[in-house]
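All remarks here apply to the structure that follows.
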Amino acid sequence: MASAKKIAEIIAAIKTIYPYYSKDADSVTLAKTWAFLLKDIPDEVTEVAFMQSLKVCKTPPTPADVLEQVRALNMASEPTDEELWAELAKAIHETGRLVYYFRFTAIQSNGKSEGDNARDKVQAIWDGLDEKLKMYVGSKGELMRMAECDEADLSFEKSRFMKSAPIIAKRQEYLQIAELLPGGANNKLLT
């Protein structure tokens, strides 16, 4: 989380580059504002994002500029839409293979039936999916329904996923912002 020392370094760097920065502002209020807006970001990330914002800003960077660079850094580390689809396609195929075993009743070495073990594996697949994929698919039951699709249906599903991916990413971003509000995502202001 952005420390007071890191915020002081940032403000000092801005004042060094832009001597008239915050000339008429209360420096304590300025530091508190920066600290409040960057409180959830680790010092290392804050520093990298600040340096990146210095490279692109033509005016003194603001906390919004730094946060924009943090988002860019986060996006660079997230899987692409193609990688997400590959993960989902793999989950669909594996789920399809496991659903076949649901009706088997032979008891295995762990004391569970082959069907129960297959159900546990499908649950593990669902639990391991990226949150964006869970938003897209909706439920474990829908994942199992998708597993019954043939390759032509999956081709259609891929194009549908690619069109939906930016909307899902935006929704996830809004949900993350909503979590910061008092009451979290269940806040009455959002409804």
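What to note about this one:
- Number of residues in the range 39-68 that are surrounded by 11 or more Cβ atoms within 10 Å (Cβ to Cβ) and over 17 Å from the mean Cα position of the chain (by Cα) equals 19.
- Count of the range 69-85 residues, restricted to those that are of a type in the set (A, V, I, L, M) and either surrounded by 18 or more Cβ atoms within 10 Å (Cβ to Cβ) or modelled with pLDDT of 95 or more (or both), is 2.
- Number of the condition not met by residue 151 [criteria: (1) modelled with pLDDT under 90; (2) over 20 Å from the mean Cα position of the chain (by Cα); (3) not assigned by TED's automatic domain parsing to the domain that holds residue 167]: (3)
- Among the residues of the range 132-165, the ones that are exposed (fewer than 11 other Cβ atoms within 10 Å of the Cβ) and of a type in the set (Asp, Glu) come to 2 in all.
- Qualifying residues in the range 1-39 (those that are free of Cβ contacts under 8 Å to residues at least 40 places away in the same chain, of a type outside the set (A, V, I, L, M, F, W, C) and not in a helix (DSSP H, G or I)) - the one nearest to residue 68 (Cα to Cα): 39
The values are calculated or read from the model by the stated rules, or taken from the named source; none is laboratory data. Predicted, not measured: the structure shown is a model, and the values here were computed from it. When we count neighbours, we look across all protein chains shown, and the Cβ atoms used for this are built from the backbone with ideal geometry, even at glycine.
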